[in-house]
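Structure first, commentary second.
Readers should treat all values here as calculations from the given coordinates under stated rules, not as data from a laboratory. Here the structure is a predicted model, which means the values were calculated and not measured. Neighbour counts run over all protein chains shown; Cβ positions are idealised from the backbone, glycine included.
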Amino acid sequence: MNRFSLAAVALTALSLTACASLSPYGPQSSPGGQGYSEQRIESNRYQITYRGVGDPRPVADYALLRAADLTIETGNDWFEVTQRWINGRPDSAGGVRPSVSIGAGSSNYGGWRSSGVGVGVGLNFSGPQPTSTVLEVIMGEGRKPDRPTAYDARDVRSSLGR
């Protein structure tokens, strides 16, 4: 493959990667689409889901931001994450990733013995992958509990608000 062809393939892969990116913070507009959704479990307990594509970290931040917004909307001051599920591979941002493989072998055929070593180099082109974060939270009023899983809703909104 000549340099022009390789550059064209790389440019195409990068433009496809740019097409699928994390949407701005907001509610889900369709089932399975990007954005947040929540389900009330008890009067002060919710399950919050944020679906996106690409790097799982911003998706997890958006889930925390939605928990903060919902806490404030319901008249509470703090929330505590009681369970958390993150669905996303560390490489879910996609892109171009080089790969190298090395192999060796030997064989006998008709009295002849042969052996060899091979090296392969390739490029893996993939777009961003779907990812999601699901939080189960409880909410409360007043002073935030002194636990690392508890958050002040207004502080989270101030830090992560976009």
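Each peptide in 151-157, 30-36, 49-55, 130-136 gets a packing score, the mean of other Cβ atoms within 10 Å over its residues, and the list from highest to lowest is 49-55, 130-136, 151-157, 30-36. Charge tally around residue 82: other residues with Cβ under 11 Å, Lys/Arg +1 each, Asp/Glu -1 each, net +1.
Peptides 38-48, 107-117, 57-67, ordered by how many other C-beta atoms sit within 10 Å of their residues on average, highest first, read 57-67, 38-48, 107-117.
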